[in-house]
Amino acid sequence: MPAKAFFLMRLNDHIQYLKEIESTLAGEGQFQGSSHRHCKLGKWLYGDGPAEITALNNNKVKDIFDSLFEPHERFHNISKQALEKKQGGDDQGAQAAITEMHVLSHIIAQKLLELDTLS
């Protein structure tokens, strides 16, 4: 069973990843991202997460957990696109991808905060 503040730690993992991407997009870093399965949040989602969520025996928690997969994968795909567009000189395309990246990030953060509240 996840410890108290566990979901806040997963939120922090996501925020740290977002900051690394933003730093590279601003020309201040070299982070190129990872797949949605290889970041800290992804390792949990595709690793111990399902068993830990099942152990909580709460259908609402399980539904929220299940709803994390799609926006999390899209977040990684769009952040990769943002990096590629920026590196390719397509600043307008990069900005559109960055905007979508932040929308997805907000969705992920809200879900993790809701999980924290329910756990």
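Which of the residues that make up the stretch 31-89 are β-branched (Val, Ile, Thr) and surrounded by 14 or more Cβ atoms within 10 Å (Cβ to Cβ)?
The answer is Ile53, Val61, Ile64, Ile78.
In the stretch 58-74, which residues are farther than 13 Å from Gln110 by Cβ and not acidic (Asp, Glu)?
Within the stretch 58-74, Asn58, Asn59, Lys60, Val61, Lys62, Phe65, Phe69, Arg74 meet the criteria.
Regarding Phe6, is this residue of a type in the set (A, V, I, L, M, F, W, C), surrounded by 13 or more Cβ atoms within 10 Å (Cβ to Cβ) and modelled with pLDDT of 95 or more?
No, not satisfied.
Go through the stretch 105-119 and report how many residues are part of a helix (DSSP H, G or I), small (Gly, Ala, Ser) and crowded, with 17+ Cβ neighbours inside 10 Å.
Of the residues in that region, 1 qualify.
The values are calculated or read from the model by the stated rules, or taken from the named source; none is laboratory data. Because the structure is predicted, anything quoted here is derived from the model rather than measured. Reconstructed Cβ throughout: ideal geometry from the backbone, glycine too, with neighbour counts over all protein chains shown.
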